[in-house]
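The values are calculated or read from the model by the stated rules, or taken from the named source; none is laboratory data. None of the values given here were measured: they were computed from a predicted structure. Here the Cβ is made from the backbone with ideal geometry for all residues, glycine too, and neighbour counts use every protein chain on show.
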Amino acid sequence: MAVVLENIWNDTDWWMFIEDEFQNFTGTPPTEKYYSPCRLDTETLNKDAVVVIYSLVFLLSLLGNSLVMLVILYNRVSRSVTDIYLLNLAIADLLFALTLPIWAASKAKGWTFGTLLCKVVSLLKEINFYSGILLLACISIDRYLAIVHATRTLTQKRHWVKFICLGIWVLSLILSLPVFIVREAYKPPYSSPVCYEHMGANTTKWRMVMRILPQTFGFLLPLLVMLFCYGLTLRTLFEAHMGQKHRAMRVIFAVVLVFLLCWLPYNLVLVADTLMRIRVIKETCERRNDIGRALDATEILGFFHSCLNPLIYAFIGQKFRHGLLKIMAIHGLVSKEYLAKDSRPSFIGSSSGNTSTTI
C-alpha cells in the first residue's frame with residue numbers, strides 16, 4: 001500500500017484525475033479521502049524562526065499600539081479627525097497582535113486549539129486587514145477635503161467620524177465573515193492539524209467568491225481611492241509650495257506606504273493563486289509549491305505590519321513624541337526640564353480647521 005501511494009505521489013500526470021478540491025489546491029495539506037498527486041511543501045519556512053518573529057511582533061505591537069492609544073486618548077483637546085482614524089487603526093492592530101501567540105504556537109505544533117478559536121483568530125486577522133485599508137482610505141479622503149477643497153464639512157462635525165468608524169468596523173466584519181464561516185480545525189492525512197477553509201463540494205467556485213469580492217471591495221477600491229486622493233493632495237501641496245503642510249503629511253504618507261509594502265505582496269500572490277485556480281495561469285505541481293511558499297512568506301510580512309505604525313510615529317511624528325514625553329513627565333518618569341527642552345512644534349493646521357494630527 002505504501003509503495004502504491006508513493007507511486008501516486010511521484011506521478012504528476014495523475015493530477016487531472018483528482019477531484020476539484022485538489023486540482024485547485026495551494027500550500028495546504030490534503031483534507032479529504034483523496035490525496036493530492038503533488039508532493040506539497042507543507043512546511044516551507046523554518047518553524048523556530050517564524051515563532052521568534054511572531055513573538056517579537058507581538059511584544060512590539062502590544063507595547064507600541066498601547067502607547068499610541070494612550071497618547072491619542074490623553075490629548076482630548078487637540079484630537080483631530082485623523083487622530084480618531086489612527087486610534088481605530090491602533091485598536092485593530094492591537095486586537096490582531098493578541099492572536100499572534102496562537103499563530104506562533106500553531107506554527108510550532110500544528111493547530112491544536114479547536115474550530116472555534118480557529119474561526120475567531122482568522123476573523124480578527126481579516127478584520128485587521130480590511131479595517132486598516134478602509135481607515136487609511138478615509139484618512140486620504142479627509143486630507144483631500146482639507147487641503148484640496150479646504151472644506152470643514154467633516155472636520156467640524158466630528159460626531160460623524162464616529163459613525164464612519166463604526167461603519168468601517170461593520171463593513172470589515174461583513175467582508176471577513178466568509179472566512180469565519182468556512183474555517184475549521186482538522187487533521188489532514190500525513191500532516192499536523194491545520195486551521196483552513198473546508199467547503200466540501202464546489203470548492204473552486206466558493207474560493208473565487210471568497211477572494212474576488214473581498215479583494216475588490218476591501219482592497220482594490222480603497223487603494224484606488226487612496227491613489228486618487230493623495231495624488232491630487234500632493235499636487236496641490238507642491239503647486240502651492242505648502243512646505244509646512246507637506247511636512248505634516250509625512251507621517252500619513254509613511255503609514256500608507258508601510259501598509260502597502262506589507263500587505264500588497266500577499267494580495268498579489270493571492271491574485272496569482274486565483275488566476276491559477278481559474279486556469280488563466282497553467283497549474284503545475286512546481287507552481288503550486290512556489291505559490292504556497294510565497295503565501296507563507298508574504299503572510300508573515302503582513303503580520304509584521306501590526307507593530308510598524310508606532311515605530312513610524314516615534315521616528316517621524318514629533319507630536320507623538322512630545323505627547324508621550326508629556327505623559328511621562330506628569331507621572332514623574334522624566335523631568336519637566338527635559339520636557340521643556342523638547343520644543344513642541346505648533347500644530348500644523350489646514351484651512352479645514354482642526355485637522356492636524358496628534359501623531
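Select, from 26, 31, 44, the only residue that is at pLDDT below 90, closer than 29 Å to residue 173 by Cβ and in contact with a helix residue (DSSP H, G or I) (Cβ under 6 Å, 6 or more places away or on another chain).
On inspection, the qualifying residue turns out to be 26.
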Go through the stretch 280-314 and report how many residues are touching a Leu at 6+ places or on another chain (Cβ under 8 Å), buried (at least 20 other Cβ atoms within 10 Å of the Cβ) and farther than 20 Å from residue 103 by Cα.
3
State whether the residues of the stretch 285-306 include one that is modelled with pLDDT under 85, assigned to a helix (DSSP H, G or I) and of a type in the set (Val, Ile, Thr).
no
Pull up the stretch 74-97, narrow it to residues that are within 23 Å of residue 167 (Cα to Cα) and part of a loop (DSSP other than H, G, I, E, B), then point me to the one that is modelled with the highest pLDDT.
80
Looking at the structure I just gave you, is residue 337 acidic (Asp, Glu) and modelled with pLDDT under 80?
yes
Candidate set: the stretch 106-147, residues that are among the basic types (Lys, Arg) and surrounded by 16 or more Cβ atoms within 10 Å (Cβ to Cβ); chosen: the one farthest from residue 165 (Cα to Cα):
107
Would you confirm whether or not the stretch 105-116 contains a residue that is assigned to a helix (DSSP H, G or I), without any contact (Cβ under 8 Å) to a residue 40 or more places away in the chain and in contact with a strand residue (DSSP E or B) (Cβ under 9 Å, 6 or more places away or on another chain)?
yes
Take the conditions small (Gly, Ala, Ser), modelled with pLDDT of 90 or more and over 18 Å from residue 267 (Cα atoms) and apply them to residue 140. Does it pass?
yes
The listed residue being of a type in the set (S, T, N, Q) and more than 17 Å from residue 251 (Cβ to Cβ), out of 61, 140
61
I'm checking my understanding of the structure. Among residues of the stretch 148-202 that are β-branched (Val, Ile, Thr) and modelled with pLDDT under 80, which one is surrounded by the fewest Cβ atoms within 10 Å (Cβ to Cβ)?
153
Out of all the residues in the stretch 263-279, is one or more surrounded by fewer than 16 Cβ atoms within 10 Å (Cβ to Cβ), out of contact with any Cys (no Cβ under 6 Å at 6 or more places or on another chain) and not aliphatic (A, V, I, L, M)?
yes
Consider the stretch 262-302. How many of its residues are among the basic types (Lys, Arg), within 25 Å of residue 53 (Cβ to Cβ) and without any contact (Cβ under 8 Å) to a residue 24 or more places away in the chain?
0
Would you mind telling me which numbered condition in (1) touching a strand residue (DSSP E or B) at 6+ places or on another chain (Cβ under 9 Å); (2) without any contact (Cβ under 8 Å) to a residue 60 or more places away in the chain residue 124 fails?
(1)
